[in-house]
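One structure is given here, and the rest of the page talks about it.
Derivation of every value follows stated rules applied to the coordinates shown; laboratory data play no part. Remember, predicted model here, so these are calculated numbers, not experimental data. Note that we place each Cβ from the backbone using ideal geometry, even for glycine, and neighbour counts take in every protein chain shown.
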């Protein structure tokens, strides 16, 4: 059962870099304190440096990706919807059971914005969550309903980014 007496809901959103990184930092801190962590990544299915690093925490941090190996460009495919449905089902179980102390819903905002996941399903999961489960949601353009459900909101704001000068995503830094 969850170790925390009361869990809160965090939301990391905005157009700046660092939302997933902040969630992973919290996950590492929690694991270091002996808390069990479950990370659900929506619309992500590719290997990344973060996954390689998190492999070292097997048994304490569990990561599951629910996405295909490519970015969604344009309209989501039936396969994208199927992945997201499996991800939301896994997230709802993890939040409700209390087996994990921290549950990260990485890129859930984007999944809601492109209708891969219904925002109502996320709200329902939050309402049914075990009282000791901390939930962290990430993604750009957070739906107002998720903003309303959060206890803590951090907005990442892009002020300057080298991508604007043509720098591509770099292994170990952006992925």
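For the reader, a short list of remarks on this structure follows.
- On Cα atoms only, tilt of 19-32 relative to the major axis of the chain in degrees: 40
- Taking 14 Å as the cut-off, the amide N atoms of segment 5-34 that come nearer than this to a point 7 Å along the Cα-to-beta-carbon line of residue 157 belong to 13-17.
- Per residue of the chain, the DSSP helices (runs of n ≥ 4 H) give a summed -39500 (n - 2.57) that works out to -10500 deg cm²/dmol at 222 nm.
- Value of D in µm² per second that Stokes-Einstein yields for segment 9-139, Kirkwood Rh from Cα pairs, at 20 °C (1.002 mPa s): 146
- Between 0 and 90°, nearest 10: helix 78-97 axis offset from the chain longest Cα axis: 30
- Protection proxy ranking of 140-149, 109-118, by the mean of other Cβ atoms within 10 Å over each peptide's residues and highest first, is 109-118, 140-149.
- Modelled spin labels at residue 55 and residue 113, positioned 7 Å past Cα toward Cβ, are 3.1 nm from each other.
- Stretchable slack from residue 64 to residue 123, in nm (0.36 nm times residue separation minus alpha-carbon distance): 19.2 nm
- Were the residues from residue 169 through residue 17 laid out at 0.36 nm apart, the gain over their Cα-Cα distance would be 53.6 nm.
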